[in-house]
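In what follows, a single structure is set out as structure tokens and then discussed.
Bear in mind these aren't lab numbers, they're just calculated from the coordinates by the rules spelled out. Since the structure is predicted, the reported quantities are computational estimates derived from the model, not experimental observations. Here the Cβ positions follow ideal geometry from the backbone for every residue, glycine too, while neighbour counts run over all protein chains shown.
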Amino acid sequence: MTAHRDRAQQDYAELVTRRLSLDLTRGKPAANQLDLSAPLLALPGDTYKAAEGLDTRNYGGLHGLRELREIFSGPLQVPVEQLVAAGNSSLELMHDSLVHAMLSVLPGATSRWVDEERIAFLCPVPGYDRHFGVCERLGIEMIPVPMTDEGPDMETVERLVAEDASVKGIWCVPKYSNPDGISYSDETVTRLAAMPTAAPDFRIFWDNAYAVHHLTDERVEIADLLAACADHGNPDRAFVFGSTSKITFAGSGVGFFGASPANVTWLLGNMAKRTIGPDKINQLRHALFLKDEAGVYAHMDLHRAELRPKFDAVLRILEAELGGTGLATWTDPKGGYFITLKVLDGCAREVVRRAAEAGIVLTPAGATHPHGQDPDDAVIRIAPSFPTPDELEKAIAGVTACVRLVGYEKLLAAK
Ligand code: PMP
């Protein structure tokens, strides 16, 4: 053990002398992924009429272009009429849906959320920090629920929603979750749709951000939550979100909202106070570029070709440097944007700190939990997409040196 620690110290000292400046923080597409959508910049050309004859240059069309909604209806599992194509971000739609629920009575609700004493959301952990950020901003209490390899622990979820009417919602990333890469089982989806809730206005925030973001030949499918909710007599329970951020341009994509007809009417009524209509020219260029659902899948294969080697490199280095040490475990996701590295309890913050000192910036430890508090201090989220392959390999090798250093120091201190 002392020999392992000594070697780790040497490796770390050597790493620091290299004065790296590498960033593994956020799941951003790399420039060559953005290049795949370069033709978008020249579209829609001289065309400005949408399929329904709407002049995309003008005001209006709050629901979004039908031809684009038709393309994403299948991947997002929302009937075309119930799918809204909006601005450039699904996070914005999630944020606004919560603000609207605060200020305008939801279908099935008896009062505005802002008039209630306490509003709480279930937060499966590890989860997506920006979901937690929205809750923090709006004063929504966050209740962590552990993830299993089939989705959130449903016994805990069912108990909490049944006994407490101030639990108004749950965050879900149902496919290739951020950060664990987990896809919800059919049983989890059915239980979420069917469970009795004390709150009549309970909502599932179904953030299907990685619906078509496959990394293997297996295109994982999940059960249709919206249909399941309707089948179980809870038609208004699901709010579905998605976007083209990691399909076309992360900053200039299109965000989607899907829900029951009553929820869609509610959202559009509130949205109408905020905008006269979305950027339909951008929606038209997306429809022309992607063409149809098959076009989306063909395009996603090009992304996969860019991303797969990066994920493989991370997995290869983790195995070579940490395999068999007992110092860490990691995920091998079938899709999405992240690998979760789990280090020994009490070590994640220190690994992130040591990495930063060596010029490698990781997502802050704890970011995967509400208020940045990972009670085990064990989860580190790795985002392989953005760096070049060379930078990525250097960064991951550096991280593994930090994991060995901190891990062996911890084990020796405990002896
Ligand atoms: N949801 C999840 C789970 C994400 O990982 C991300 C991007 N990191 C987003 C939403 C952001 O989506 P958008 O760009 O559509 O706002």
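A few notes on this one:
- Distance between modelled label sites at residue 298 and residue 20, nm, 7 Å Cα→Cβ extension: 3.9
- Positive end of the dipole of the chain (Cβ unit charges, origin at the Cα centre): among 198, 239, 179, the Cα lying farthest that way belongs to 179.
- Links that overshoot a 28 Å alpha carbon limit, given the list 28/280; 28/168; 28/175: 28/168
- Ranking of 135, 123 by count of other Cβ atoms within 10 Å, fewest first: 135, 123
- Cα centre as origin, Lys/Arg/Asp/Glu Cβ charges: region 1-151 dipole, Debye: 420
- Shape class of the chain from the Cα gyration tensor (axes a ≥ b ≥ c, square roots of the eigenvalues): oblate, since a/c reaches 1.5 or more and a/b does not exceed b/c.
- For the pair region 199-232 and region 305-345, the centres of their Cα atoms are 26 angstrom apart.
- Local net charge near residue 56, Cβ-Cβ under 15 Å (Lys/Arg +1, Asp/Glu -1): +1
- Gain upon complete extension [residue 43, residue 114; 0.36 nm per residue less C-alpha separation]: 21.3 nm
- Cα gyration tensor shape of region 72-126, rounded if a/c is under 1.5, else prolate or oblate by comparing a/b with b/c: prolate
- Dividing the mean sequence gap of close Cα pairs (under 8 Å, 6+ apart) by how many residues region 91-228 holds gives a relative contact order of 23 percent.
- In the chain, the longest principal axis of the Cα atoms and the axis of helix 293-322 are about 20 degrees apart.
- Packing-based exposure ordering (other Cβ within 10 Å, fewest first) of 188, 110, 156, 244: 110, 156, 188, 244
- Sites listed here are trypsin sites (Lys or Arg not before Pro) in region 326-374 whose DSSP assignment is loop and whose Cβ has at most 15 other Cβ atoms within 10 Å, and the list is empty.
- Using equal-weight Cα scatterers in the Debye expression, the normalised intensity of region 22-162 in log10 at q = 0.10, 0.21 Å⁻¹ is -0.56, -1.38.
- Residue-span extension gain [residue 332 to residue 10] - 0.36 nm each, minus C-alpha spacing: 113.0 nm
- Axis of helix 261-271 versus longest Cα principal axis of the chain: the two differ by about 80°, to the nearest ten degrees.
- Per residue Cα convex hull volume in Å³ - calculated over region 48-290: 114
- The chain, relative contact order [Cα under 8 Å, separation at least 6], %: 26
- Exposure here means at most 16 other Cβ atoms within 10 Å; with GluC sites (Glu not before Pro) in a DSSP loop as sites, the longest stretch of the chain lacking them is 222-415.
- Charges were assigned to the Cβ only: +1 to each Lys and Arg, -1 to each Asp and Glu. The resulting dipole of the chain about its Cα centre is roughly 1020 debye.
- Simple spin-label estimate for residue 231 and residue 414 in nanometres, 7 Å along Cα-Cβ: 4.5
- Over region 111-161, the pair-distance histogram of Cα-Cα distances with 5 Å bins from zero comes to 5, 19, 26, 21, 17, 9, 2, 0 percent, rounded to whole numbers.
- Residue 138 paired with residue 325, simple spin-label distance in nm, labels 7 Å along Cα-to-beta-carbon: 4.2
- Footprinting exposure proxy for 330, 113, 266, 206 (fewest neighbouring C-beta atoms within 10 Å first): 330, 266, 113, 206
- Taking θ as phi - 60° and the Karplus parameters 6.51, -1.76 and 1.60, the scalar couplings of region 225-232 work out to 5, 4, 5, 5, 4, 4, 4, 9 Hz in sequence order, x denoting glycine and proline.
- Spatial separation of Cα centroids for region 70-116 and region 350-415, in angstrom: 36
- The residue among 32, 297, 271 whose Cα reaches farthest toward the positive pole of the charge dipole of the chain, with charges on the beta-carbon of Lys, Arg, Asp and Glu, is 32.
- Assigned charges on the beta-carbon of Lys, Arg, Asp, Glu; region 48-290 dipole about Cα centre (debye): 1100
- Leading residue at positive end of dipole, region 48-290 (Cβ point charges), from 82, 249, 161: 249
- Residue-wise HN-Hα couplings along region 45-51, as the Karplus relation 6.51 cos²θ - 1.76 cosθ + 1.60 with θ = phi - 60° gives them from phi, are x, 7, 7, 9, 8, 7, 4 Hz; Gly and Pro carry x.
- Shape class of region 97-184 from the Cα gyration tensor (axes a ≥ b ≥ c, square roots of the eigenvalues): prolate, since a/c reaches 1.5 or more and a/b is larger than b/c.
- The distance separating the Cα centre of region 6-36 from that of region 124-157 comes to 29 Å.
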